[in-house]
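Input: one structure, supplied below.
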Amino acid sequence: MPHLTLGYSPCPNDTFIFYPLVHGLIDSPAFRFTERLEDVETLNRLALNGELDITKISYHLLGFIRRDYCLLRSGGALGRGCGPLVVSRNFTGMGAIKGKRIAVPGRYTTAYLLLRLFDRELDNIVFLPFHEIMGAVARGDVDAGVIIHESRFTFPGYGLTKLLDLGDWWEKETGHPIPLGGIVAKRSLGVETVAALDRILRLSVDYGFAHPDAATAYIRSHSQEMSDEVCAAHIGLYVNDFSRDLGKDGEAAVSTLLCRAEAAGLVPHSNEPVFLHSM
């Protein structure tokens, strides 16, 4: 029985998706998992160093690790109306923050990639953990911030104003949903193992949809700082049909993001196929 390392974040969408898998609620007799829960930028760096067999990553990072990792079709965060927001306390437009200090939640996050694709002149960047950004903007430590996750629902409480919805910009620019984070597996695991992982991850998502309250205690144990309402809104926004299967629309969104990032010189060119196998 292969023993695999599995990385995902403590955010409600990930704990919702992975709870059935890591607690033996679906039929996955071929694998044993040792899970590691970290914020997404830590997971990005672990994958960059090849330290996890399967892990959640930002789609931005996929542009750097395609030689060693392939994308799975299930378990990710991709959709509409769920993109990162640019917020500020003292400024009211994107033009006003050129040259100003902008906090982003990590070098390899999709939030940072989207900001750079939107305007390469927004280059006075401060990297901070995602949960520290709103406080830093509110205090004036930085002039603006790119926020993700549950911050979408709570930023007004910090006295902040939304300058731009990067997901909305992306959707209007490309017509595609926004690919935020996906699940990758090491190519060295082989086609059969990767295909099996994709199947059981889809079963885990299906179980979560069929038993929406099963993971409540597990989810809340990793999100104690959130209200029940924010936690539910987080899951409702980031867990959707694309989490079950990317489908053609999801594949096109991922391809467009990587192609635009390559064309802008923001990720290296690669001829590696994104997926290792066909469903």
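The values are calculated or read from the model by the stated rules, or taken from the named source; none is laboratory data. Remember, it's a predicted structure, so these values are computed and weren't measured experimentally. Positions of Cβ are generated from backbone atoms using ideal geometry, with glycine treated the same way; all protein chains shown enter the neighbour counts. Note: areas computed on protein heavy atoms with side chains; ligands, DNA, RNA excluded. Shrake-Rupley method; radii C 1.70, N 1.55, O 1.52, S 1.80 Å.
Looking at the chain as a GNM with Cα springs under 10 Å, which of 230, 86, 40 has the largest mean-square fluctuation?
Maximum fluctuation in the GNM of the chain, among the listed residues, is at 230.
Turning to a different aspect of this structure: For the chain, what is the accessible area per residue in Å², given a 1.4 Å probe and the full set of protein chains?
41 Å²
Calculate the dipole size of the stretch 71-169 relative to its Cα centre from +1 charges on Lys and Arg beta carbons and -1 charges on Asp and Glu beta carbons; express the result in debye to the nearest 20.
Roughly 100 debye, rounded to the nearest 20.
So which residue, out of 41, 251, 192, gets the largest mean-square fluctuation from a GNM of the chain using Cα contacts under 10 Å as springs?
In this elastic network of the chain, the residue with the biggest mean-square fluctuation among 41, 251, 192 is 192.
Taking H placed 1.01 Å from N in the peptide plane, check which residues at least 5 places from residue 126 or on another chain put their amide H under 5 Å from its amide H.
102, 103, 104
Projected onto the charge dipole of the chain (+1 at Lys/Arg Cβ, -1 at Asp/Glu Cβ, origin at the Cα centre), which of 96, 258, 28 gives the Cα projection farthest towards the positive end?
With unit charges placed on the Cβ atoms, the residue in question is 96.
Also: Using every alpha carbon pair in the chain, what percent of pairs falls into each 5 Å bin from 0 up to the bin containing the largest distance?
Reading the bins upward from 0: 1, 6, 13, 17, 20, 17, 13, 8, 4, 1, 0, 0.
Using all alpha carbons of the stretch 178-279, what is the percent of pairwise distances in each 5 Å bin, ordered from the shortest bin to the longest?
In order of increasing distance, the bins hold 2, 10, 16, 19, 18, 14, 12, 7, 2 percent.
Scale the Cα Rg of the stretch 62-127 by the rule-of-thumb value 2.2 N^0.38 Å and send over the ratio, two decimals.
Normalised by 2.2 N^0.38 Å, the Cα Rg of the stretch 62-127 equals 1.34.
Tell me the relative contact order for the chain as a rounded percent, counting alpha carbon contacts under 8 Å between residues six or more apart.
Here the relative contact order equals 30 percent.
Say R0 is 35 Å: what FRET efficiency, to the nearest 0.05, do residue 213 and residue 5 get from their beta-carbon distance?
In this case the efficiency is close to 0.75.
What does the charge dipole of the chain about its Cα centre add up to, to the nearest 20 debye, if the Cβ of each Lys and Arg holds +1 and the Cβ of each Asp and Glu holds -1? If you can, show how the numbers build up before the last one.
On the way: 27 positive and 33 negative charges, 102 e Å.
Using only the charged Cβ atoms, the result is roughly 500 debye.
Rounded to whole Hz and in sequence order, give me ³J(HN,Hα) for the stretch 83-94 from the Karplus expression 6.51 cos²θ - 1.76 cosθ + 1.60, θ = phi - 60°, writing x for Gly and Pro.
So the Karplus estimates, Gly and Pro as x, are x, x, 10, 9, 10, 8, 9, 10, 10, 10, x, 5 Hz.
Between residue 35 and residue 188, what is the FRET efficiency for a Förster distance of 35 Å, r being their Cβ-Cβ separation, to the nearest 0.05?
Efficiency computed from Cβ-Cβ geometry: 0.95.
No solvent, one uniform scatterer per C-alpha: report log10 I(q)/I(0) for the stretch 1-127 via the Debye equation at q = 0.16, 0.19 1/Å, two decimals.
So the normalised log intensities are -0.87, -1.11.
While we're looking at this one, here's another question. For the chain, give the percent of accessible area contributed by carbon and sulfur heavy atoms, probe 1.4 Å, rounded to a whole number. Mind dumping the intermediate values first?
Working: 5740 of 11560 Å².
Carbon plus sulfur share of accessible area: 50 percent.
Summing +1 for each Lys or Arg and -1 for each Asp or Glu, what net charge is found among the other residues whose Cβ lies under 15 Å from the Cβ of residue 65?
+1
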